[in-house]
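Below you'll find the structure, written out as structure tokens, and then a few comments.
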Amino acid sequence: MHISEGILPASVLVTGAVLTIGATALGLNKLEHDKIPQTAILSSAFFVASLIHVPLGPTSVHLLLNGLVGIILGWIAFPALLIALFLQAILFQFGGLTVLGVNTFNMAFPAVVAFYICRPFLRKKSKWAVGVAGALAAVIGVGLAGIFVALELAITGQQFIPVAKLVLLAHVPVIIIEAVITSVALGFILRAKPEILGVKV
């Protein structure tokens with residue numbers, strides 16, 4: 001779900017950059033030394049998952065896993081996803097450096113929202129609660145990211161409104177796939193290493 005360079009107006013680019021810089025600073029402030037390994041792993045997972053993408057006009061469709069990243073990292077999702085998106089931009093020309101702030105915000109802010117909404121379900125430590133948390137994380141992570149991209153494209157010009165609608169529609173199957181993946185991953189983590197999710201056995 002990368003927005004390409006040369007599409008968005010300067011006002012949107014600057015706003016996205018400022019919001020991302022501020023949120024990344026907050027995330028780095030919360031990044032403790034013992035969380036660095038899991039942050040690196042989740043950043044790598046996001047990097048790999050979004051390498052396989054289908055071009056869709058000025059954007060693209062691919063797995064995100066930002067909901068899973070958000071549930072585990074919270075605000076640290078911003079620096080984690082910023083690094084992954086930066087590497088994708090310079091290595092594979094996905095998105096670009098001028099839209100890095102906007103693309104990072106589109107991915108990371110929904111991850112933070114997923115953190116606050118989904119984490120309480122995990123404290124119940126039941127299969128049902130884990131399934132709900134995984135499904136909600138996918139809906140919030142992918143759905144909200146899709147809405148942000150669609151809105152940014154829509155306010156850019158009338159010619160992008162059909163693409164904006166297509167972006168939302170194309171991510172419905174992505175939400176379903178990620179709901180399954182996130183639920184399974186959360187279930188495994190909860191059994192193997194619940195402290196990662198801040199849950200006591």
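At what distance in nm do the modelled label points of residue 14 and residue 154 sit from each other, each positioned 7 Å from its Cα along Cα→Cβ?
2.4
Mind pulling the angle between the C-alpha long axis of helix 144-156 and the longest principal axis of the chain? Nearest 10 degrees, somewhere in 0 to 90.
10
Residue 165: which aspartates and glutamates have alpha carbons under 18 Å from its alpha carbon, excluding same-chain residues fewer than 8 sequence positions away?
152
Can you tell me the orientation of helix 100-122 relative to the chain, as the angle in degrees between its alpha-carbon axis and the longest Cα principal axis, to the nearest 10?
The two axes meet at around 30 degrees.
Can you work out the FRET efficiency for the pair residue 132 and residue 86, with r the C-beta to C-beta distance and R0 = 41 Å, to the nearest 0.05?
Taking R0 as 41 Å, the efficiency between residue 132 and residue 86 is 0.80.
For residue 93, put the label point 7 Å out on the Cα→Cβ axis and report which residues of the stretch 3-35 keep their amide N under 18 Å from it.
Label zone hits: 3-8.
For the pair residue 30/residue 165, report the inter-label distance in nm, with labels modelled 7 Å from Cα in the Cβ direction.
Placing both labels 7 Å beyond Cα along the Cβ direction yields 3.7 nm.
Taking only Cα atoms, what is the 0 to 90° angle, nearest 10, from helix 161-170's long axis to the longest principal axis of the chain?
For helix 161-170, the angle is close to 30 degrees.
May I ask you to order 152-162, 65-75 by the average number of other C-beta atoms within 10 Å around their residues, highest value first?
Result, highest mean Cβ count within 10 Å first: 65-75, 152-162.
What are the lysines whose alpha-carbon lies under 24 Å from the alpha-carbon of residue 193, with same-chain residues fewer than 8 places away excluded?
Leaving aside lysines fewer than 8 places away in the same chain, those within reach of residue 193 are 30, 35, 124, 125, 127.
Taken together, the values in this text are just the output of simple stated rules run on the coordinates, not laboratory data. All values reported here derive from a predicted model rather than from experimental measurement. We place every Cβ from the backbone using ideal geometry, glycine too, and count neighbours over all the protein chains shown.
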